[in-house]
Ligand SMILES: [Cu+2]
């Protein structure tokens with residue numbers, strides 16, 4: 001007979017394997033990082049390679065933001081709250097401007113080569 005704690009470990013492992021979010025977060029290695037702080041995207045302009053993933057991190061104390069590639073045809077994404085991140089894969093070459101949904105004056109651009 002297995003102990004209760006052994007059963008618990010099996011259940012936890014099963015949950016980890018079944019969770020698509022856990023798998024995705026672990027497998028993605030961002031090629032570039034953008035910090036969101038004081039109503040700015042820093043750096044405001046970045047260049048990555050085709051196939052790269054960029055990670056935005058909201059480092060504000062209280063303010064939420066979003067990273068919206070509206071010109072690329074993306075639907076408006078959810079807000080990123082302090083401490084949260086947003087990941088986007090770039091699979092085509094080009095220059096992709098974006099802005100914050102709630103604060104359209106916050107802009108950035110990703111160049112993909
Ligand atoms: Cu914003």
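We did not get these values from a lab; they are worked out from the coordinates using the rules stated. All values reported here derive from a predicted model rather than from experimental measurement. Here the Cβ positions follow ideal geometry from the backbone for every residue, glycine too, while neighbour counts run over all protein chains shown.
Quick notes on this structure:
- Dividing the radius of gyration of the alpha carbons in segment 31-112 by their Kirkwood radius gives 0.93 for Rg/Rh.
- Relative to the current alpha-carbon distance between residue 31 and residue 71, full extension at 0.36 nm per residue lengthens the span by 12.2 nm.
- The simple spin-label model puts a point 7 Å past each Cα toward its Cβ; for residue 62 and residue 49 those points are separated by 4.3 nm.
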